[in-house]
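First up is the structure itself, then whatever we jot down about it.
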Amino acid sequence: MTGSLLEVIALDVRDAVAAEQGGADRLEVVADMAADGLTPSPETVAAIAAECPLPQMVMLRCDATFTAAPETLDRLARDAKALAQAGAAGFVFGFLDGAGAVDLAATEALIHAVSPLPWTFHRAVDHAADVQAAWRAVRLLPNLATVLTAGAPTGVGDGLAVLRARAEAGDGSIILAGGGLRPAHVPVLLDQGIRAFHIGSAARASWSDPVERRLVRRWRTLVERD
């Protein structure tokens, strides 16, 4: 990756336009942040595409868990088709099984459903029973763009050592650092060769408020520092 990538969570057109004006490179488009991000409607994706040229990585998730029953996968596959037609550039998903391991069957089924579009494995990886084993499984999956990770379920502040270890293991190019990301974390991550950053609540006063261009601009400046 050349330069740094800044991805901002957008819930609607207003968020997307403010993120673009602030210097974001990419959007993660979701609904219902009270459930940590669920699948948005095709209408939302189409409306954003009509007003904002930034690539939309769209969440595929039916509930606040990281598991997926067969009927859930069927629904998400149908959703993915409609969302791609509406303008999605890629998707965000990933599943764990009942034992806390990466559910390869479920994840690969959805990879096939969204192909050839790229996808991000979301923070389910931080909740795996064996994080190292989860990373070994995820990094071999096809069409993987990035892995959204804080390094720990509780956020980047507690996960810096894991992110450093993953970068040293050669995964720095696919790490999308996010989840409780704070300005003080950015220089540490840049020093480890991590160049992709994801912000949500840090781009707004609260989840009930829209994205603020000035806050995105501040993060743009932070992630571009040498």
Open item on the list: Between a residue in the range 60-77 that is at pLDDT below 95 and of a type in the set (Gly, Ala, Ser) and any residue that is assigned to a loop (DSSP other than H, G, I, E, B) and crowded, with 18+ Cβ neighbours inside 10 Å, which pairs come within a Cβ distance under 6 Å, given they are 6 or more apart or on different chains?
Closed with: Ala68/Phe95
Open item on the list: One residue is enough: does the range 137-145 have a residue meeting the conditions touching an Asp or Glu at 6+ places or on another chain (Cβ under 9 Å), open to solvent by 10 Å² or more (accessible area, probe 1.4 Å), of a type in the set (D, E, K, R) and assigned to a loop (DSSP other than H, G, I, E, B)?
Closed with: yes
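Here is a yes/no grid of residues against (1) acidic (Asp, Glu); (2) outside any loop (DSSP other than H, G, I, E, B); (3) crowded, with 19+ Cβ neighbours inside 10 Å:
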position: Gly151; (1), (2), (3): no, no, yes
position: Leu160; (1), (2), (3): no, yes, no
position: Leu181; (1), (2), (3): no, no, yes
position: Val188; (1), (2), (3): no, yes, no
position: Val211; (1), (2), (3): no, no, yes
position: Val216; (1), (2), (3): no, yes, yes
Task: Selection from the range 64-94 of residues that are surrounded by 18 or more Cβ atoms within 10 Å (Cβ to Cβ) and farther than 16 Å from Ala35 by Cβ - done: Leu73, Ala80, Leu83, Ala84, Ala86, Gly87, Ala88, Ala89, Gly90, Phe91
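Considering every residue within the range 28-44, establish whether at least one is touching a Cys at 6+ places or on another chain (Cβ under 9 Å), free of Cβ contacts under 8 Å to residues at least 40 places away in the same chain and more than 30 Å from Gly98 (Cα to Cα).
If we filter the range 28-44 for residues that are touching a Cys at 6+ places or on another chain (Cβ under 9 Å), which is where we start, we get 38-39.
The next check asks that each one be free of Cβ contacts under 8 Å to residues at least 40 places away in the same chain; those that pass are 38.
Pick out the ones that are also more than 30 Å from Gly98 (Cα to Cα) and you get none.
No, because not a single residue in the range 28-44 is touching a Cys at 6+ places or on another chain (Cβ under 9 Å), free of Cβ contacts under 8 Å to residues at least 40 places away in the same chain and more than 30 Å from Gly98 (Cα to Cα).
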Open item on the list: What pairs come out if I take residues in the range 181-200 that are touching a residue at least 40 places away in the same chain (Cβ under 8 Å) and pair them with residues that are in a loop (DSSP other than H, G, I, E, B) and aliphatic (A, V, I, L, M) whose C-beta lies under 9 Å away, six or more apart or interchain?
Closed with: Arg195/Met1; Ala196/Met1; Phe197/Leu181; His198/Leu181; Ile199/Ala24; Ile199/Leu181; Gly200/Val30; Gly200/Leu181
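Of all residues in the range 20-35 being outside any helix (DSSP H, G or I) and touching a helix residue (DSSP H, G or I) at 6+ places or on another chain (Cβ under 8 Å), which is surrounded by the most Cβ atoms within 10 Å (Cβ to Cβ)?
Step one: list which residues in the range 20-35 are outside any helix (DSSP H, G or I), which gives 23-32.
This time we only want the ones that are touching a helix residue (DSSP H, G or I) at 6+ places or on another chain (Cβ under 8 Å), so: 23-24, 27, 29, 31.
Values: Gly23: 17, Ala24: 27, Leu27: 25, Val29: 31, Ala31: 17.
Within the range 20-35, the match that is surrounded by the most Cβ atoms within 10 Å (Cβ to Cβ) is Val29.
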Open item on the list: Of the conditions (1) assigned to a loop (DSSP other than H, G, I, E, B); (2) under 18 Å from Arg26 (Cα atoms), Ala129 satisfies every one except a single condition; which number is it?
Closed with: (2)
Open item on the list: All but one of (1) open to solvent by less than 40 Å² (accessible area, probe 1.4 Å); (2) assigned to a loop (DSSP other than H, G, I, E, B) hold for Ala167; state the number of the condition that does not hold.
Closed with: (2)
TODO: Sort out which residues of the range 99-126 are among the polar types (S, T, N, Q) and assigned to a helix (DSSP H, G or I), and write them in order of number.
DONE: Thr107
Task: Which numbered condition Ala10 fails, given (1) open to solvent by 20 Å² or more (accessible area, probe 1.4 Å); (2) under 19 Å from Thr149 (Cα atoms); (3) small (Gly, Ala, Ser) - done: (1)
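If only one of Val138, Val92, Val125, Val131 is over 18 Å from Pro40 (Cα atoms), in contact (Cβ under 8 Å) with a residue 12 or more places away in the chain and touching a Ser or Thr at 6+ places or on another chain (Cβ under 7 Å), which one is it? Give the derivation first.
Details: Val138 fails: touching a Ser or Thr at 6+ places or on another chain (Cβ under 7 Å); Val92 fails: over 18 Å from Pro40 (Cα atoms); Val131 fails: touching a Ser or Thr at 6+ places or on another chain (Cβ under 7 Å).
Only one candidate qualifies: Val125.
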TODO: Kindly list the number of the only condition in (1) in a loop (DSSP other than H, G, I, E, B); (2) within 18 Å of Asp209 (Cβ to Cβ) that fails for Asp63.
DONE: (2)
TODO: Can you give me the number of residues within the range 104-129 that are open to solvent by 60 Å² or more (accessible area, probe 1.4 Å) and over 18 Å from Asp36 (Cβ atoms)?
DONE: 7
TODO: Return the pairs, sorted by first residue and then second, in which the second residue is open to solvent by 70 Å² or more (accessible area, probe 1.4 Å) and in a helix (DSSP H, G or I), the first residue lies in the range 204-226 and is within 13 Å of Asp25 (Cα to Cα) and among the β-branched types (Val, Ile, Thr), the beta carbons are less than 8 Å apart, and the residues are 6+ apart or on different chains.
DONE: Val216/Gln21
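The values are calculated or read from the model by the stated rules, or taken from the named source; none is laboratory data. For clarity, every value in this text was computed on a predicted model and none was experimentally measured. All Cβ positions, even for glycine, are placed from backbone atoms using ideal geometry, and neighbour counts span all protein chains on display. Protein only, heavy atoms only, side chains kept; ligands, DNA and RNA dropped before computing areas. Shrake-Rupley method; radii C 1.70, N 1.55, O 1.52, S 1.80 Å.
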